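A quick write-up on the structure given underneath.
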Amino acid sequence: MRATLEARRDLGPEYEAALVESFVDRIDATIAARVRAEVRAADADPQSPGNRRKGDGTVAIALGSLGIGVPLTAIAAGEAGAAGLLLAWGGIVAVNIAHALGRRRTRD
């Protein structure tokens, strides 16, 4: 940063945009390198929280089911009554059961 500020003083304000862009590019490269190092370190450590949950979509499936269940309940109950409501929630339950059985099968 100091070098960029000194270069701006030497070159003048007409080169400010190029200097700022160059500085941002260097910061971006530094951040990318640090992120890559962190990802490599996390992949190397099997006990890291990210590796224990890697590929486990249980929370996403549960939240997705609840998120889609609320509007689906209103639509199904409004359009098809109790039968539509049971059909909609039956589908949601079936997706969750299929996910649970799939996880169970991959663990064994």
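The values are calculated or read from the model by the stated rules, or taken from the named source; none is laboratory data. Model, not experiment: these values are computed from the prediction. Virtual Cβ from ideal backbone geometry, glycine too; neighbours counted across all protein chains shown. Note: areas computed on protein heavy atoms with side chains; ligands, DNA, RNA excluded. Shrake-Rupley method; radii C 1.70, N 1.55, O 1.52, S 1.80 Å.
Confirm whether Glu38 is modelled with pLDDT of 85 or more and open to solvent by 90 Å² or more (accessible area, probe 1.4 Å). Yes, satisfied.
Checking segment 74-91 against the condition returns no match, with no residue being modelled with pLDDT under 80 and either aliphatic (A, V, I, L, M) or open to solvent by 60 Å² or more (accessible area, probe 1.4 Å) (or both). Taking each residue of segment 18-37 that is on the phi < 0 side of the Ramachandran plot and assigned to a helix (DSSP H, G or I) and looking for partners that are open to solvent by 70 Å² or more (accessible area, probe 1.4 Å) and of a type outside the set (Val, Ile, Thr) with beta-carbon atoms closer than 7 Å, six or more apart or interchain, yields Leu19/Arg8; Phe23/Met1. Taking the conditions (1) touching a helix residue (DSSP H, G or I) at 6+ places or on another chain (Cβ under 7 Å); (2) open to solvent by 50 Å² or more (accessible area, probe 1.4 Å); (3) modelled with pLDDT under 85 in turn, Leu5 satisfies each one other than (1).
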